[in-house]
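Working notes for the structure below.
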Amino acid sequence: MTQIKVGVLVSGEGSLLQAILDEQDARYTVVGVISDRPAIKALARAEAAGVPTVVHAFKDYADRDAFSLAVGETLKGWSIDLAVNAGFMRILSPVYLRTIGVPHMNSHPALLPSFPGAHGVRDALAAGVKVTGTTIHFIDESVDGGPIIAQEAVTIDPDDTEDTLHARIKAVEQRLYPEVLRAFAEGRIIVEGRIVRIR
Ligand code: GRF
């Protein structure tokens, strides 16, 4: 089996990145990490693991297209097989998706298509739902709307705050994302339109 090369995009704490790094094996390796913010913990985690990092600060670009193309150029320079968001909080332009040439995945802290957007945990709590969870999906030109690869439910406790609920969701994401990366590396993820099967 050929080990696939993964590029990871981050914006913050990097706990999901850490899980992805910790689970690397003969199936996938992280070859680079891109952040849209300097001096964040996720970058320190990448550096501690000896993984190259690049910062593309959103404010340094004229617009979203220019930012997205710069991210794409960096990823292409690493000859990746797969890009994955791990707590990356920027939306990439359609022009990025048309040029990157490899699949791009995201992990969202809610059961899509419910509660898309930047506040999936907060919005689920505010809506009073009793079950939420996590969704790993391919990125397409919609926001949080691409084909769903894997989902897992998390029960909401009556006393949950956004932080306590998000911590339990993150624990699930940290287990599920590496599993999905391994399945992708093994060629076990089959996409038929909107339907994704894991063999
Ligand atoms: C995850 O819940 C992810 O779904 C969301 O941000 C969280 C990742 O946080 N977009 P971290 O930076 O990996 O700790």
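Residue 32 falls short on exactly one of the conditions (1) in contact (Cβ under 8 Å) with a residue 60 or more places away in the chain; (2) more than 16 Å from the ligand (Cβ to nearest atom), and that condition is (1).
Does the stretch 165-183 contain at least one residue that is more than 12 Å from the ligand (Cβ to nearest atom) and more than 17 Å from residue 16 (Cα to Cα)?
Yes, the stretch 165-183 contains a residue that is more than 12 Å from the ligand (Cβ to nearest atom) and more than 17 Å from residue 16 (Cα to Cα).
Kindly check whether there is at least one residue in the stretch 51-64 that is surrounded by 15 or more Cβ atoms within 10 Å (Cβ to Cβ) and within 12 Å of the ligand (Cβ to nearest atom). Checked against the condition, which is being surrounded by 15 or more Cβ atoms within 10 Å (Cβ to Cβ) and within 12 Å of the ligand (Cβ to nearest atom), the stretch 51-64 yields no hits at all.
Output the residues belonging to the stretch 1-24 that are surrounded by fewer than 21 Cβ atoms within 10 Å (Cβ to Cβ), outside any helix (DSSP H, G or I) and either within 10 Å of the ligand (Cβ to nearest atom) or without any contact (Cβ under 8 Å) to a residue 60 or more places away in the chain (or both).
The answer is 2, 11, 12, 13, 24.
Read-outs: derived from the displayed coordinates by stated rules, not from any lab. Not measured: the values here are computed from a predicted model. Glycine also receives a Cβ, built like all others from the backbone with ideal geometry; neighbour counts cover every protein chain displayed.
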